[in-house]
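Worksheet: one structure, shown below.
The values are calculated or read from the model by the stated rules, or taken from the named source; none is laboratory data. Computed from a prediction, not measured in an experiment: that's the story for all the values here. Here the Cβ positions follow ideal geometry from the backbone for every residue, glycine too, while neighbour counts run over all protein chains shown.
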Amino acid sequence: MAVDISTIVVNASKLDETVLDIPKSVDTLNEKKLDLFEVKDVKELSSVVPNTYISGIGNRSDRTFSVRGIGNYVAFESSVAMYIDDIAVPFSYGYGALDFNNIENIEFLKGPQGTEFGKGSESGVINIYTKEPTKEFQSEASLGYGAYNTQNYYLHVSGPIKNSDAAYSLALSKSSSDGYATNVETSSHLDHKDMINFNVKLNYKPTTNLNVSLNYLKNKIDDGGTAFKVNTKDDIRNIYNEKTDDFVKMDSDFLSLKMKYTANNYKVLSITSYTKEDMQKNDYVAIQNGLILDFDIKIAEVSQELRVNYTFENVDVLVGAFYSKKTQFDYKENQKLVAFGLSSLNSLQNPDENRAFFSKVKYYINDNFVVMGGVRYQETQRSFSRNMNNFGLPSTYAASKTTWRHFLPSASISYMPSEKENIYLSYAKGYKPGGYNYRSDDTLLPYKPEIVDSFEIGYKREENKKFVLKSALFYNLITDSRGIEFSDTLATTVINIDKAHSYGAELSATYLYKSLTLDALLGYTKSEFDKSASHSDLVGNSNLEIPDITAAMGVKYQFLHDYYVTANANYIGSRYYDIQNTVKEDGYATFHLGTGYEDKNLHIKIYVNNLFNKEYVDFMIHTPSNNYYHFGSPRVVGINISKKF
């Protein structure tokens with residue numbers, strides 16, 4: 001049974017621009033592609049999006065993004081602008097607790113997107129869209145069970161509201177797992193997981209021109225701690241010397257009001273949002289004297305994004321504005337050295353305020369050539385105040401406030417020899433605001449904004465909705481590139497490297513032939529520090545957690561009309577975990593199989609993830625005295641059953 005590749009319109013940025021039309025790298029993943037590659041978490045987008053690695057310290061709240069040699073290793077602020085249903089997410093915490101059963105599609109635009117989106121984006125934008133209300137009543141229920149007592153339950157209901165121009169959707173899900181690692185000291189599962197998600201949407205369309213949407217999303221997790229092995233890769237599923245059971249608890253709320261008005265030649269889009277994220281963490285670190293880390297983090301942000309698109313005869317114009325304010329950023333930590341009975345009590349507030357104005361003009365020279373130019377003005381005001389009591393030393397207080405202002409241009413030219421092809425060259429400037437290292441004794445040690453000049457040349461082709469090819473070469477010039485160093489108490493210090501660069505290539509292809517679907521992706525990235533007046537010993541080194549190669553291949557074959565088999569392989573290349581480049585982790589490959597039955601209303605799938613039970617390090621932390629290794633998931637066998645009513 002043949003399946004067409006439907007034309008994909010990027011939802012958030014233009015009037016009617018398809019992936020083929022956009023002069024930059026865009027990866028789109030719908031439900032079928034997510035299912036093919038067994039993507040059930042944002043972390044599992046690694047390698048499925050070329051030159052992208054998404055990791056974290058092991059729990060679902062923390063997520064680290066690396067895209068084309070630019071990352072945010074263990075940092076609060078991501079170089080990737082994150083959206084959920086067009087809601088700007090303040091930090092990567094909110095991305096770790098999403099229910100992928102309720103996702104309709106994902107858009108990943110690489111490179112700075114400052115003249116396309118309101119929220120600042122240094123290395124890309126990822127926008128996750130959950131399922132929308134429908135004009136006709138629909139309902140769906142699913143359940144799943146797998147190894148390690150992995151359980152998933154999902155319910156979705158959608159339809160019109162009687163005698164009105166409104167529709168609704170309601171989604172509820174619960175997932176849990178015993179975890180893969182055992183705390184030998186307490187005989188309990190260290191990394192157990194429990195998550196509840198709730199999403200309700202209301203859509204009101206009183207006329208053909210006006211569409212109003214109200215969206216509320218709530219995520220709640222109650223997870224165990226991070227299963228780190230200290231200085232050893234032996235016996236990876238048993239954790240020794242952990243005196244207590246760790247935990248991570250997070251409660252997040254996302255609320256937005258979206259209004260869209262469309263006329264013959266223009267569109268106005270307004271998105272007002274409020275987000276709140278509360279997190280509590282407790283970690284026992286098995287160093288020689290024992291270290292207990294307690295964290296309490298509260299973040300709240302309001303934002304307003306406004307975009308106006310206007311289309312003339314040969315010109316498309318976009319004008320936009322964005323405002324966000326963190327009304328709360330309270331961070332409290334209590335570090336305890338168990339053997340000495342000493343504590344370090346630290347609290348800090350780090351609110352910020354962002355204003356941005358952006359515009360883009362796209363001119364169609366003729367049927368074959370299109371040029372674009374744009375500019376963004378970004379203003380970020382960030383304040384910082386800190387109280388610190390460093391293991392018995394007198395308490396210190398420090399505070400500071402800084403405002404950064406930047407103009408960020410973009411430009412591109414596209415040559416379209418036919419309706420099926422696009423050859424393009426693009427440039428964009430992006431940046432990530434500066435901040436402060438708070439662990440210095442008397443004053444705050446600032447670090448500068450990171451600025452990137454991004455160049456890309458690419459080729460795209462779509463053939464009769466049966467074949468799609470995307471390829472790109474990129475080069476990034478990075479000013480004041482950021483590196484991270486850890487102390488033995490796991491405190492971080494951000495340093496700036498004056499000049500750095502990254503370059504690489506990527507290729508992706510989708511091919512459909514009768515009952516066969518093939519998806520292949522390949523990415524190569526090389527990053528290097530070029531110049532540093534204060535850290536000359538780092539020149540020539542690579543930054544942290546940037547895989548040299550990312551690759552994936554997925555195959556789906558349908559037989560007897562409704563039955564199918566799937567197979568996919570993912571590869572993540574080698575990565576450095578210290579900026580001195582003395583600690584390097586090898587690349588790893590995982591393989592997954594699935595088989596099932598799928599008709600219009602019923603879907604049954606049996607799967608085996610990590611078929612060969614590969615043991616691999618997917619994240620680590622290096623300190624002067626220790627290495628902390630986190631290992632990827634073992635082999636998991638499971639079944640999912642989904643029914644539409």
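Note on segment 178-202: among residues that are among the charged types (D, E, K, R) and touching a Gly at 6+ places or on another chain (Cβ under 8 Å), the one that is surrounded by the most Cβ atoms within 10 Å (Cβ to Cβ) is Asp191. Scanning segment 193-209 for residues that are in contact (Cβ under 8 Å) with a residue 40 or more places away in the chain and of a type in the set (A, V, I, L, M, F, W, C) gives Met195, Leu202. For segment 151-188, a residue qualifies if it is β-branched (Val, Ile, Thr) and modelled with pLDDT of 95 or more, and exactly one does: Val157. Annotation: Phe91 fulfils all but one of (1) surrounded by fewer than 22 Cβ atoms within 10 Å (Cβ to Cβ); (2) modelled with pLDDT under 90; the unmet one is (1).
Counted as qualifying within segment 271-354 are the strands (runs of 3 or more DSSP E) with 3 or more residues that are among the charged types (D, E, K, R) and over 30 Å from Ile365 (Cα atoms), namely 291-311, 315-337.
Yes or no: segment 569-583 includes at least one residue that is of a type in the set (Ser, Thr, Tyr) and closer than 22 Å to Asp519 by Cβ. Yes, segment 569-583 contains a residue that is of a type in the set (Ser, Thr, Tyr) and closer than 22 Å to Asp519 by Cβ.
For the residues Thr566, Thr510, Thr525, Thr517, the requirement of being within 25 Å of Asp586 (Cβ to Cβ) and not acidic (Asp, Glu) singles out Thr525.
Just a yes or no: is a residue in segment 628-638 in contact with a strand residue (DSSP E or B) (Cβ under 9 Å, 6 or more places away or on another chain), of a type outside the set (Val, Ile, Thr) and farther than 30 Å from Asp235 by Cβ? Scanning segment 628-638, I find no residue that is in contact with a strand residue (DSSP E or B) (Cβ under 9 Å, 6 or more places away or on another chain), of a type outside the set (Val, Ile, Thr) and farther than 30 Å from Asp235 by Cβ, so the answer is no. Within segment 560-582, the set of residues being over 25 Å from the mean Cα position of the chain (by Cα) and among the β-branched types (Val, Ile, Thr) comprises Val565, Thr566, Thr582.
Would you check which residues across segment 212-259 are of a type in the set (D, E, K, R), assigned to a strand (DSSP E or B) and free of Cβ contacts under 8 Å to residues at least 40 places away in the same chain and list them? If the condition is that a residue be of a type in the set (D, E, K, R), assigned to a strand (DSSP E or B) and free of Cβ contacts under 8 Å to residues at least 40 places away in the same chain, then Lys218, Asp222, Lys249, Asp251, Asp253 are the ones that fit. Answer yes or no as to whether Lys614 is within 30 Å of Ser139 (Cβ to Cβ) and touching a strand residue (DSSP E or B) at 6+ places or on another chain (Cβ under 8 Å). Considered against the rule, which asks whether it is within 30 Å of Ser139 (Cβ to Cβ) and touching a strand residue (DSSP E or B) at 6+ places or on another chain (Cβ under 8 Å), Lys614 comes out as no. For segment 133-175, a tally of residues being without any contact (Cβ under 8 Å) to a residue 40 or more places away in the chain and surrounded by 14 or more Cβ atoms within 10 Å (Cβ to Cβ) returns 15.
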